[in-house]
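Beneath this line is the structure, given in structure tokens, with notes to follow.
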Amino acid sequence: MYINFWYPIIRSEDLGYDKPEKAMVLGVNLVIFRDQDGDAHVLSDTCTHRGASLGGAWSNGNAPRLINGCVVCPYHGWEFGGDGECKNIPSIGYGTKPPPRAKVDSYPVEEKYGIVFAFLGDEPEESRPPLLEVEEFGQEGWVANEVLILEVPYYYERSIENGLDPAHNEFVHPTHGFSAINRETYKVREYETEDHNQSWGFWFMHRFDSPPLPQKGSATSPDTDTPWGDEKTERSDVYAGGGTYGPNIMPTYINITADKMFRQYFFEQPVTENLTRIFFLNMRNFLLDTKHNGPIHARNKVIAQQDIDILVDLNPQRTPLSTTKEVLMPADKAIAAYREWLAKFDDMGWRIDLNEFNARNDKDMAFAIPCPARRVSGNWVLEEIPLIKNRAERKKIERAA
Ligand code: FES
Ligand SMILES: [Fe+2]
């Protein structure tokens, strides 16, 4: 898990105006709320007074959770603005200036595609990776499904690798058409990876063999409506591919025919190393009527479950550091490309030291992900989440563990 990238925090529709919400991301609790203008804010959830959860439960169910655009701590009523500053400490009298060190970390926010994203890290604006631009979003001829949340009980890097893996489809997803089992002509075609046009990642396209689109009630789609309805489309192959952007964003391109396309975006939220929430934005340029959203969601859930059933049993749970502990094939080229990008993020010093974090977090130490303001001012109360300096140090640490 890495700091200094944009992470999905909560769906816009799940964040109201009258109370804060909580989310755990990168193992750390965050509080999310809207100010009087409706702008969303994401702060470290740990109150600097005595460690209560700013988004946590109130014993007095009627008490206001948000006052003057501030989130109110349920323990002693300290008020924190969207900038992370403490604006009021009731015990010293309302209107008395709180000490500056009472502040909490506040993260840059962008609300887009129906998702509140936060930049979780301290990298200054000039050098930080921007949030991925979804080019089709809002374009004529394209429609988006509501964002679907898929909660999966495994490490986010394993989830990303699975989405980059063209060799698993015919084995794991009978819904896709052919089954590779005993199909004599089966072979994954050669493909190349190249750097993404928005940088911070790569992409690839790959041609799959595919039978004519299955119809509802057919052997390959017995239970679900097919998203293309009753249309009979003959085709011999499908182009699909995708790539990554940063450690946690994965676009997938599926051209089911030359002019019928899905653009699927997985914005992954690593909750802990054993739990990931995937914010799934599914764009399409056909079946534009919203009545198709339901069947498309239902089908995607079936497909996601097929992956989950395999991935819960992977050993080890985290992506291995060394490829000598696996036997990778040419079909795994995209996975290798993803890991090369992760190695670059390691060398930027952005990887969280999970061993150190797990040993102390919630025990003798509360950690915060450093926010950009830490680069320009001192006096921060919470300890910064421990990081690994580079790839070489990561090897040392993981070998010792
Ligand atoms: S712990 Fe938050 S106000 Fe005391
Ligand atoms: Fe899959």
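Values in this text are rule-based calculations from the coordinates and carry no lab data. Everything numeric in this text was worked out from a predicted model, so none of it was measured. Note that we place each Cβ from the backbone using ideal geometry, even for glycine, and neighbour counts take in every protein chain shown.
Values computed for the structure shown
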| item | result |
| --- | --- |
| Inter-site label distance for Asp362 and Met24 at 7 Å from Cα along Cβ, in nm | 0.5 nm |
| Environment charge of Trp6, counting only residues whose C-beta is closer than 12 Å and scoring Lys/Arg +1, Asp/Glu -1 | -3 |
| Largest-first principal axis extents of the Cα set of the chain (Å) | 77, 51, 37 |
| Cleavage-rule hits (chymotrypsin sites (Phe, Trp or Tyr not before Pro)) in segment 31-99: DSSP loop, at most 13 neighbouring Cβ within 10 angstrom | Tyr94 |
| Sparse-neighbour loop sites [trypsin sites (Lys or Arg not before Pro); segment 87-190; at most 13 other C-beta within 10 Å; DSSP] | Arg183, Lys187, Arg189 |
| Inter-label distance, nm, simple model (7 Å from Cα along the C-beta direction), Ser59/Thr290 | 4.4 nm |
| Inter-site label distance for Asp209 and Ala336 at 7 Å from Cα along Cβ, in nm | 2.5 nm |
| Fraction of antiparallel bridges per DSSP, the chain only, in percent to nearest 5 | 95 percent |
| 0 to 90° range, to nearest 10: angle between helix 333-347 axis and the chain longest Cα axis | 20 degrees |
| Segment 331-384: C-alpha gyration tensor shape, a/c 1.5 cut-off, then a/b vs b/c | oblate |
| Pairwise FRET efficiency - Tyr239 versus Asp313, Cβ, R0 = 30 Å, nearest 0.05 | 0.45 |
| Net dipole in debye of the chain [+1 Lys, Arg Cβ; -1 Asp, Glu Cβ; about Cα centre; nearest 20] | 900 debye |
| Rel. contact order, % - alpha carbon contacts under 8 angstrom, at least six apart, the chain | 19 percent |
| Distance-filtered residues of segment 319-333 - backbone nitrogen under 13 Å, label point 7 angstrom along Ala167 Cα→Cβ | 326-333 |
| Cross-link reach list, lysines versus Lys396, counting only Cα pairs under 22 Å and skipping chain neighbours closer than eight places | Lys325, Lys344 |
| Charge sum, other residues only, whose C-beta stays under 14 Å from Arg394's C-beta, Lys/Arg counted +1 and Asp/Glu -1 | +2 |
| On Cα atoms only, tilt of 391-400 relative to the major axis of the chain in degrees | 90 degrees |
| 15 Å beta-carbon shell around Thr276, net charge (K/R +1, D/E -1) | -3 |
